[in-house]
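The values are calculated or read from the model by the stated rules, or taken from the named source; none is laboratory data. Values in this document were obtained by computation on a predicted structure and should not be read as measured data. When we count neighbours, we look across all protein chains shown, and the Cβ atoms used for this are built from the backbone with ideal geometry, even at glycine.
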Amino acid sequence: MVKNAPARFTLNGGHPVLDLVNTLDNRFREDGPVELLESYADLIRFMQQSGLLAAAPARLLMAAAKEDAQRQALRAALILREAIAAVLYCAVEGSTPSADQLRKLERFCLDAYRHRQLRWQHAPQSGRARAGAQWVFGTDVELPVWMLAQAASELMASVALDRMRACGSESCRWLFLDASKNHTRRWCDMKICGNRMKARRFSARRRA
C-alpha cells in the first residue's frame, strides 16, 4: 500500500457504510454495475480513504496477509456490502427488510463483536482525557470486515438513518446522508448526476 496513493473512490455518502455500498457503481444500470473493490488492496485503500484505517495498520495488513486470506477477506467484505445494501435500500424505499436479510447482516455484526478486545487506555501526561477501558479490534486480515460491520450496526441504530437518501438518477441511486439545510438534496453529486439529468430534461424539451 502506497502511503500517498491517489484517491480511487468518490466518497460523497456522508458515512463510510454508505460509501461502501456505493463501491458497486451504477448498481441499477441495465448493462450491469461496475465493481470498484477488485482486490484486497482496493479494500484497504477504501478503508484508509474513509478514515477508518490509519496508514501504519494498513501497511501491516498488506504485508502480513497471505493472498488466499486476502481473497477470502475481500469476498467477505463484498458479501457484507450486499447484505448492507439490501437492508438500506429497503429502508430508503420505506419497506421492511426481510428476516433473511436482517439475519445475514446480523451474522456479520455478531462476528465483529466476538473479535473485539477490551483494553485499558492510559491517560495522557497532558490534557483532559481520562484513563478507561476501550473496545478495539486486533490486527487481522478480516479487520476491514469487522470495522465495517460494526459501523453498519451503529448507523442502522442511529437517527442519522432518517436523513438517508438515494440519488435521483435511476441508474445510479448512490446512497447519501442529506445534510442540506432544507433536506432537499436529490443527487449524490450535482456536478455528475444532477447536471446529467438536467441535460436529459433539456434535450427532451427541445424534442417535444
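Give me the residue from the range 142-163 that is surrounded by 20 or more Cβ atoms within 10 Å (Cβ to Cβ) and in contact with a strand residue (DSSP E or B) (Cβ under 6 Å, 6 or more places away or on another chain) and, out of that set, nearest to Glu82 (Cα to Cα). Ranking the qualifying residues of the range 142-163, first place goes to Trp146.
Residues of the range 49-58 that are assigned to a loop (DSSP other than H, G, I, E, B) and either under 17 Å from Leu175 (Cα atoms) or over 19 Å from the mean Cα position of the chain (by Cα) (or both): Ser50 alone. Of everything in the range 1-25, what is in a loop (DSSP other than H, G, I, E, B) and modelled with pLDDT of 90 or more? Give them in sequence order. Within the range 1-25, Phe9, Thr10, Leu11, Asn12, Gly13, Gly14, His15, Asn22, Thr23 meet the criteria.
The condition (being more than 18 Å from Met156 (Cα to Cα), in contact with a Lys or Arg (Cβ under 7 Å, 6 or more places away or on another chain) and crowded, with 20+ Cβ neighbours inside 10 Å) is satisfied by just one residue among Arg45, Arg8: Arg45. Looking for something in a helix (DSSP H, G or I) and of a type in the set (Gly, Ala, Ser) - is there at least one such residue anywhere in the range 38-48? Yes, some residue in the range 38-48 is in a helix (DSSP H, G or I) and of a type in the set (Gly, Ala, Ser).
The rows are residues; the columns are (1) aliphatic (A, V, I, L, M); (2) more than 30 Å from Tyr40 (Cβ to Cβ); (3) free of Cβ contacts under 8 Å to residues at least 24 places away in the same chain.
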site	(1), (2), (3)
Asp111	no, no, no
Arg119	no, no, yes
Gln125	no, yes, yes
Arg128	no, yes, yes
Gly132	no, yes, yes
Asp140	no, no, no
Val145	yes, no, no
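Could you tell me whether any residue of the range 88-100 is within 29 Å of Ala179 (Cβ to Cβ), among the small types (Gly, Ala, Ser), free of Cβ contacts under 8 Å to residues at least 40 places away in the same chain and surrounded by fewer than 19 Cβ atoms within 10 Å (Cβ to Cβ)? Scanning the range 88-100 turns up at least one residue that is within 29 Å of Ala179 (Cβ to Cβ), among the small types (Gly, Ala, Ser), free of Cβ contacts under 8 Å to residues at least 40 places away in the same chain and surrounded by fewer than 19 Cβ atoms within 10 Å (Cβ to Cβ). Scanning the range 144-175 for residues that are among the acidic types (Asp, Glu) and over 23 Å from Arg116 (Cβ atoms) yields a total of 2.
Of the residues making up the range 69-78, those that are within 17 Å of Met47 (Cα to Cα), out of contact with any Phe, Trp or Tyr (no Cβ under 8 Å at 6 or more places or on another chain) and surrounded by fewer than 16 Cβ atoms within 10 Å (Cβ to Cβ) number 1. Taking the range 48-68 as the range and being crowded, with 17+ Cβ neighbours inside 10 Å and either among the β-branched types (Val, Ile, Thr) or farther than 18 Å from Pro16 by Cβ (or both) as the test, only Ala65 passes.
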